[in-house]
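Asks: Take a look at the following structure, please.
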Amino acid sequence: MLQVLFPAPSSSRSELAPRTWPGITPQSTATIQNIVKDSQERWHLFFDRDYRPHNHSVHYTLALWALGADDEIIKAAYEIECEYLIPRFKSPGSITTENFNEHLGDDEYYSSYLDFFTEIVKKQGTSEALEEYIFSQKANFMDGKEDKEQPGMLDRCMDGIIHSMIHIGNGLEFGVPALVAEGLAWTAVHFKSSTAVISASLWNASPTALDTTTSENPQHVNTHALTILARILKDPRFDDIPAAEDYSVVYANINDKYGDVVSEYVRTWTFDQKNPQEAERKIEELIFANTVIYAIGGWSKDKAFNTDFFQCVILSCSIQNNSLIKDECSVHLVTSSLFLAPFCAILKPVSQELFLRSFFAVGLTWWIGRGRPGFDIEGFVAGTSTNPGPVPSFPPAHRDALPKPSSPLSRNPNPWFQLVQDALTVPDEHFPKAIRALAHFSEIYGGRKAGQEDFGNIELPGADLIDGTLFVRAAVLNNSKLRDDQNVGLRMTAYWDRQGFYRDALPASSGLPANVVSKMQNERKEDEGRP
């Protein structure tokens, strides 16, 4: 049974899902299998139960394995993560179908929810388990219940900067059922933070209402995700977003005050369930939109790149002399986009739409909450590079090297080789995930030419200049801070920026909230002092 739940990772059935890079060995595969199992058995999902930051150890090490990292690198990365994780503990009681809803949101019951979902996944399989426990109306809204009593499982899946969705996505992409069960348990103990944008109307609306083939859009003209960004940029209702550094406050502020407005925009994003290619097309739109938010939104010609921590999880990049701002939320927008295809590959069309609309709504809420940065697309295309260039340690080019020995390309002919090499040894769980996501997006969309017909009706100024180099430009920016500053902090998410894009700027933050960082540092010192 262990082999059924914890098989060796493999490629997803989806053609749009990432492939693995050369470098995988029997040793590295055995290492990652052991880590996935060990992490589930030993660790709680949060490493601080008040602030609720997540255990990233499996996300991090799977990304390294898939990028071809040596097993010694993978082991070292896991050891770093284990330094501050807290042990998994026994729940006060068991979870059954009868009391399932009674303990939602309570991480005391994480172990029991994990036991429950392990049995569900074994009996029903991953697809049926997700349909029943995440996407069914019963799993989200029940007649006769008050709002606070509604199960809201899709809402919970998108809570905490989408980490439960990322965890399930890893299980789907790599074919590891135990991770899907674990991600469902993560979902169950998360809060409902998106009630205004993931509302009952998504289930109650007819397909016609959802895909907006009404008087708003009589010809069923596709409304692109980039057009939604353009419209929000023009909306004065979002002009005075309050600055906030605590990510839970950022998200709650926007959901409470602007959730209905965000929902309006998400409803105008078209989706045709009758078209078998629609999910694939909409995934592409979301990938471009989230990369634009992270890369072009973080870039400025006269400031350093803002590697926004929050927007890179939903993509992140930075270049010092062309002014990008690295924000960690943006990186979550990017890295989570990697798992849209594995989800949609196993979902029914109606669930695909629920999933993609909810994901878009949460991403928009984060973008608005971080200050709704605009996009200088023309300046970005003119002012960013598609190649990081050689580093001093590169050997000299052969005298017959192409295109000529004196060219920088003779020493770094494919930018991704160096970009991925950078990512493999950085002791930060988000860095390799961001590069892996961007490399994959470049693989499937890198050949896109500027001005293609499907971008012709987009309302975002400069959209006709966007081409497939968007992703490598983003990756070069993402890594440039690493190249430009040898003293840049890499541990405890110190690499990412958190000041946002507000009119009244916040001070740059070096990582997690001070109390969490202090706690982690003290625990590390205690460990180092033990024999």
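Asks: Under a Cβ-Cβ cut-off of 14 Å, what is the net charge of the residues other than A439 that fall near it, where Lys and Arg count +1 and Asp and Glu count -1? Intermediate values should be presented prior to the final figure.
Replies: Details: positive: R19, K433, R436, R473; negative: D422, E443.
That works out to +2.
Asks: Please give the per residue accessible area of the stretch 23-165, computed with a probe of 1.4 Å over protein heavy atoms only, in Å².
Replies: Details: 5770 Å² over 143 residues.
Computed with neighbouring chains in place, this is 40 Å² per residue.
Asks: Hey, rough spin-label estimate for D147 and E128, points 7 angstrom out along Cα→Cβ, what's it come to in nanometres?
Replies: 3.6
Asks: So, in nm, how far is label Q277 from label E72 when the simple model puts each one 7 Å beyond its Cα toward the Cβ?
Replies: Taking the simple label geometry, Q277 and E72 are separated by 4.9 nm.
Asks: Show me, for the stretch 290-296, the HN-Hα J-couplings you get by feeding each phi into the Karplus relation (A = 6.51, B = -1.76, C = 1.60, θ = phi - 60°), rounded to Hz, glycine and proline as x.
Replies: 5, 6, 4, 4, 6, 7, 6
Asks: What's the FRET efficiency of E41 with E378 using the Cβ-Cβ distance as r and R₀ = 51 Å, to the nearest 0.05? Write out the running numbers ahead of the final one.
Replies: Working: r = 52 Å, r/R0 = 1.03.
E between E41 and E378, to the nearest 0.05, is 0.45.
Asks: Given the pairs K37/K90; K257/K433; K145/K282; K433/K481; K301/K404, which are separated by over 28 angstrom at their Cα positions? Could you put the intermediate results ahead of the total?
Replies: Numbers: K37/K90 17 Å; K257/K433 32 Å; K145/K282 33 Å; K433/K481 17 Å; K301/K404 31 Å.
In this structure, K257/K433; K145/K282; K301/K404 exceed 28 Å between Cα atoms.
Asks: Working from the alpha-carbon coordinates of the stretch 333-431, get Rg over Rh, Rh being the Kirkwood radius.
Replies: Rounded to two decimals, Rg/Rh equals 1.13.
Asks: Given charges of +1 on the Cβ of Lys and Arg and -1 on the Cβ of Asp and Glu, with all other atoms neutral, how large is the dipole of the stretch 3-155 about its Cα centre, in debye to the nearest 20? Walk me through the numbers before you get to the answer.
Replies: Details: 14 positive and 26 negative charges, 99 e Å.
The calculated dipole for the stretch 3-155 is roughly 480 debye.
Asks: What net charge is computed for the residues neighbouring A397, neighbours being all others with C-beta under 11 Å from the C-beta of A397, Lys and Arg scored +1, Asp and Glu -1?
Replies: Working: positive: R399, K404, R411; negative: D400.
Here the count lands on +2.
Asks: Could you check the simple spin-label distance between V391 and A200, using points 7 Å along Cα→Cβ, in nm with one decimal?
Replies: 5.6
Asks: Of P151, V121, I134, which is farthest on the positive side of the dipole of the stretch 101-178, counting Cα position, with +1 on Lys and Arg Cβ, -1 on Asp and Glu Cβ, and the Cα centre as origin?
Replies: The Cα lying farthest towards the positive end belongs to V121.
Asks: Of the accessible area of the stretch 392-480, with the probe set at 1.4 angstrom, what percent is carbon plus sulfur? Numbers along the way, then the final one.
Replies: Working: 2270 of 4080 Å².
Ligands and nucleic acids excluded, carbon and sulfur reach 56 percent.
The values are calculated or read from the model by the stated rules, or taken from the named source; none is laboratory data. As the structure is a prediction and not an experimental result, all values here were calculated from the model. Cβ coordinates were reconstructed from backbone atoms using ideal geometry, including for glycine residues, and neighbour counts include every protein chain displayed. Only protein heavy atoms, including side chains, enter the accessible area calculation; ligands, DNA and RNA are left aside. Shrake-Rupley method; radii C 1.70, N 1.55, O 1.52, S 1.80 Å.
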